[in-house]
Ligand code: ADP
């Protein structure tokens, strides 16, 4: 792969397709964007070109509406057209795909072959919303870039180092043996990235680093990292387990599900919708799944009821995250740093403060002024002098996908 080449990173959902063109060794982005509302009348594609000024990098955005019916294949064709217009197409030497579930089969970046595609389909039983959509992205891209190698980077891969004691559920053993029911963990590329950046920050080889990383976005997961490897994570068999999230309930008493069905006449689909889409910050607050909106609502003095529910949602959220972080002290023998990332972890000084307040027993204390200034997506330390180290590190999953795609292809070439 030539030195000045770029990897096109694709993250495909059922109705959206995110893309970015990244230099694998530096993380420089030439272009990024999203095709949204695919398969509807309102399909559109937004393409951002970073433009460098003397003081900062700004984004120049092009919004194109797409002729209906626009599917993933047409969105990719539009992207190819734009890349060709801007003479970027020749710079692309590989495609890296985010694939959500790699099961126990994949713990490494993997060159996509027909056999790998078959396995991704087979693993759809574990991730019915995600893997089929990821495959649509792979096939659409394969059609458009016939001669380029394509690599799958699995969200679950980083967690494949979890020991049995962490990934087993206390269910009959045959459910694991015959049906693969176990904890897998998700957000692997993000936990991988921030742990590597944290190791650089403290100037220690990653193989000797122990961290707890908290990825707090619309989805939230906490991971314990021992000697650079994931040893436990809060998400489980599905991304529904663990702490409450934007619209997901996180862990609840499974007995509630029986109660909903038997006493309140919920159907299975309704329970699924309730726990995945109507719970979490949105469900508790009755206002929004958006942390920013809730922080504003909590402060509003004109509606006591709304303000109370917004505060309640944020308080339960922070408390659950603090408890999850504290629980991972059982997984580690020492701790170099706690790392916050994701939209909320990177930007919300309020939520970080709420979480750290619960962790005094673990000797975490905040430097309030650092916490306030380390927002708006900047990296930095937010703990006080006598505290254990607490860092904020903006995640960059696209860069990991580009880099791993590149390294995997280099390895195949050499080996
Ligand atoms: P996703 O998991 O979809 O990638 P993000 O990582 O972008 O999501 O995180 C989205 C969350 O980050 C939303 O709840 C949003 O409100 C929150 N967020 C973004 N900026 C801020 C901010 N300045 N203050 C508080 N929350 C923020």
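Of note:
- Over the stretch 103-190, the pair-distance histogram of Cα-Cα distances with 5 Å bins from zero comes to 3, 13, 21, 23, 18, 11, 5, 3, 2, 0 percent, rounded to whole numbers.
- The chain - mean residue ellipticity at 222 nm from DSSP helices (-39,500 (n - 2.57) per run, n ≥ 4, rounded to 500): -11500 deg cm²/dmol
- Label-point gap, in nm, between residue 333 and residue 278 - each point 7 angstrom along Cα→Cβ: 4.9
- For the chain, built as a Gaussian network whose Cα springs stay under 10 Å, the top-fluctuating residue of 241, 397, 207: 207
- The stretch 253-344 shape via C-alpha gyration tensor axes, a/c threshold 1.5: oblate
- Taking every DSSP beta bridge that has both ends in the stretch 196-339, the antiparallel portion is near 75%.
- Ranked by the mean number of other Cβ atoms within 10 Å of their residues, highest first, the peptides 214-222, 78-86 fall in the order 214-222, 78-86.
- Scaling the Cα radius of gyration of the stretch 171-275 by the globular reference 2.2 N^0.38 Å produces a ratio of 1.33.
- For the chain, built as a Gaussian network whose Cα springs stay under 10 Å, the top-fluctuating residue of 341, 374, 119: 119
- Relative contact order (%) - the chain, alpha-carbon pairs under 8 angstrom, separation at least six: 15
- Shape call, the chain: gyration tensor on alpha carbons, a/c limit 1.5: rounded
- Efficiency of FRET between residue 267 and residue 177 - r from beta-carbon atoms, R0 41 angstrom, step 0.05: 0.85
- Spacing of the modelled spin labels on residue 161 and residue 89, each 7 Å from Cα toward Cβ, amounts to 4.1 nm.
- Fraction of beta bridges assigned by DSSP in the chain that are antiparallel (%, nearest 5): 70
- Highest-fluctuation residue, 240, 143, 314 considered, GNM on the chain with Cα pairs under 10 Å: 143
- Cα-Cα P(r), the stretch 335-415, percent of pairs per 10 Å interval: 18, 40, 18, 15, 8, 0
- Gained length - residue 147 relative to residue 257, 0.36 nm times residue gap less alpha-carbon distance: 34.7 nm
- Prolate/oblate/rounded call for the stretch 265-415, Cα gyration tensor, a/c under 1.5 rounded: oblate
- Gain in span if fully extended, residue 125 to residue 368, counting 0.36 nm per residue against the direct Cα distance: 82.9 nm
- Length released on extending from residue 208 to residue 304, taking residue separation times 0.36 nm less the Cα-Cα span: 29.6 nm
- Distance between the stretch 352-415 and the stretch 242-300 - C-alpha centres, whole angstrom: 28
No value in this document is a laboratory result; all are computed from the given coordinates. Just so you know, these numbers come straight off a predicted model, no measurement behind them. Neighbour counts are summed over all protein chains in view; Cβ atoms, including those assigned to glycine, are modelled from backbone coordinates with ideal geometry.
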